[in-house]
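Step one of this worksheet: look at the structure below.
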Amino acid sequence: MAVHLSASAAQHVRASLQERGHGVGIRLGVKTSGCSGLAYVLEYADAADTGDQVFESHGVQVLVDAKSLVYLEGTELDFVQEGLNSGFKFNNPNKTGECGCGESFTV
């Protein structure tokens, strides 16, 4: 299994990287946070770090550190627009629960 992007997420990341003028892809991770225990971390990556697992999805590199990969294996990152709001949505098959506000999750 791998971590991958939906077509709309890949298109959004490509456009954002082009607007930034640099970067190799997007970095996904998790950190201890919130009332459920874990929160997603999402940032643009300028280079792969030692120990990163690199996945290619729709022509975009997705970088995940080894510690986070156990929580993110099989996850799809989607980019959705709902009314006036838009943003990334994590479709994580490992998630067993989340807090009421949706900011953190459990595995």
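Tabulated values for the structure
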{"read-out": "Condition met for E98 (touching a strand residue (DSSP E or B) at 6+ places or on another chain (Cβ under 6 Å) and either modelled with pLDDT of 90 or more or farther than 21 Å from A2 by Cβ (or both))", "value": "yes"}
{"read-out": "In region 32-48, residue surrounded by the fewest Cβ atoms within 10 Å (Cβ to Cβ) [restricted to those that are at pLDDT below 90 and not aliphatic (A, V, I, L, M)]", "value": "T32"}
{"read-out": "Residues of region 1-58 satisfying the condition of being hydroxyl-bearing (S, T, Y), part of a loop (DSSP other than H, G, I, E, B) and in contact (Cβ under 8 Å) with a residue 60 or more places away in the chain", "value": "S6, S36"}
{"read-out": "The lone exception for Y71 - which of (1) without any contact (Cβ under 8 Å) to a residue 24 or more places away in the chain; (2) of a type outside the set (D, E); (3) closer than 16 Å to K95 by Cα; (4) in a helix (DSSP H, G or I) it fails", "value": "(1)"}
{"read-out": "Residues of region 1-34 classified as over 15 Å from V60 (Cα atoms) and touching a Gly at 6+ places or on another chain (Cβ under 8 Å), total", "value": "1"}
{"read-out": "Complete set of residues in region 56-100 that are polar (S, T, N, Q), under 24 Å from S16 (Cα atoms) and either exposed (fewer than 11 other Cβ atoms within 10 Å of the Cβ) or in contact with a Pro (Cβ under 9 Å, 6 or more places away or on another chain) (or both)", "value": "T75, Q81, N85"}
{"read-out": "Selected residue (only one of S6, S104 is in contact with a strand residue (DSSP E or B) (Cβ under 9 Å, 6 or more places away or on another chain), at pLDDT 95 or above and among the hydroxyl-bearing types (S, T, Y))", "value": "S6"}
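The values are calculated or read from the model by the stated rules, or taken from the named source; none is laboratory data. Keep in mind the model is a prediction, meaning the values are calculated, not measured. In this analysis, Cβ positions are derived from the backbone assuming ideal geometry, glycine residues included, and neighbour counts consider all displayed protein chains.
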